[in-house]
Amino acid sequence: MTAAPKVVKPVDAAGLVLIRAARHGAPEILLGRRHRRAGFLPDIYVVPGGRVDPADHAPSGFAETLHPAVSAALASGGSRRPALAFPRAALRETHEETGLLVGARGAALELPRQPVWQAYAATGLAPDFAALDFICRAITPVTSARRYNTRFFLADGAQAVGSVQGNGELEDLAWRPVSALGGLNIVDVTEYVLKEALRRWQARVNGEGPTGAEPAKLLNYRKDIMTLSRHRARG
């Protein structure tokens, strides 16, 4: 009798979708390609992001007021981590992988300890937690050797400061017009996240969909087929 394959427990992670208005034509999204030797999604285009680290549990040193709806949704995701650990991780990973700081002019309330928050303070910026929208939570299929339970956030690319030059984890990193997405190697989860992020971003631009106006969705898999449902307490 063949033993059932061991199911790997998903690792908490966070990702950030950055969309900005282009000078001409369609909006642009920041995307990069995971290198071909990556253990997870090699040669696939993704948004910046990665696993939540223990350091993400510590305060950044800046004001960290999330939109109430975003805070509540993160707290109901079945994780024992503090809700703020996820947006902190998304901003930290974005800085590490792209070199960009996402925020507005502001000062720290106390001396930041982590390198990413020190970088914000050094440039006179403050991470704008209140402007982050929670798009969805996506859980990798049970058949995957590596699994992630990822919270995806949306931020205005106009708040991104610095030159795009990451740590090498993402290759071919660039702002890409929406019209170019069809020619990229993108998995189904990223495709949904980008489509939903673009819809919300456009609604925000039109003054019709402020941060927290819509609940986050849960993306899960049943027999390796992606399913979409309401974000629930256990995943």
Looking at the stretch 96-106, can you tell me whether even one residue there is open to solvent by 10 Å² or more (accessible area, probe 1.4 Å) and assigned to a helix (DSSP H, G or I)? yes
For the subset of the stretch 132-156 comprising residues that are out of contact with any Lys or Arg (no Cβ under 9 Å at 6 or more places or on another chain) and of a type in the set (Gly, Ala, Ser), which member is least open to solvent (accessible area, probe 1.4 Å)? 155
Which residue out of 216, 203 is in contact (Cβ under 8 Å) with a residue 12 or more places away in the chain, closer than 19 Å to residue 156 by Cα and either of a type in the set (Ser, Thr, Tyr) or surrounded by 12 or more Cβ atoms within 10 Å (Cβ to Cβ) (or both)? 216
Suppose we filter the stretch 41-61 for residues that are surrounded by fewer than 21 Cβ atoms within 10 Å (Cβ to Cβ), within 25 Å of residue 110 (Cβ to Cβ) and of a type outside the set (Gly, Ala, Ser); how many remain? 4
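For every residue, the table says whether it meets (1) modelled with pLDDT of 95 or more; (2) within 24 Å of residue 216 (Cβ to Cβ).
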position	(1), (2)
111	no, no
114	yes, no
118	yes, no
134	yes, yes
142	no, yes
178	no, yes
184	no, no
198	yes, yes
204	no, yes
Determine which member of the set 26, 3, 63, 22 is at pLDDT 95 or above and not in a helix (DSSP H, G or I). 63
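Of all residues in the stretch 74-91 being outside any loop (DSSP other than H, G, I, E, B) and open to solvent by less than 20 Å² (accessible area, probe 1.4 Å), which is nearest to residue 47 (Cα to Cα)? Show your work before the answer.
Step one: filter the stretch 74-91 for residues outside any loop (DSSP other than H, G, I, E, B), giving 74-75, 85-91.
If we keep only those that are open to solvent by less than 20 Å² (accessible area, probe 1.4 Å) as well, we get 74, 85-91.
Details: 74: 20, 85: 18, 86: 15, 87: 14, 88: 16, 89: 13, 90: 10, 91: 12 Å.
Once the filter is applied, the top-ranked residue is 90.
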Considering the stretch 118-165 alone, what residues qualify as being aromatic (Phe, Trp, Tyr) and in contact with a Leu (Cβ under 9 Å, 6 or more places away or on another chain)? 120, 129, 134, 152, 153
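The values are calculated or read from the model by the stated rules, or taken from the named source; none is laboratory data. Quick caveat, the model's predicted, so the values are computed rather than measured. Neighbour counts are summed over all protein chains in view; Cβ atoms, including those assigned to glycine, are modelled from backbone coordinates with ideal geometry. Accessible surface areas use protein heavy atoms only, side chains included; no ligands, DNA or RNA. Shrake-Rupley method; radii C 1.70, N 1.55, O 1.52, S 1.80 Å.
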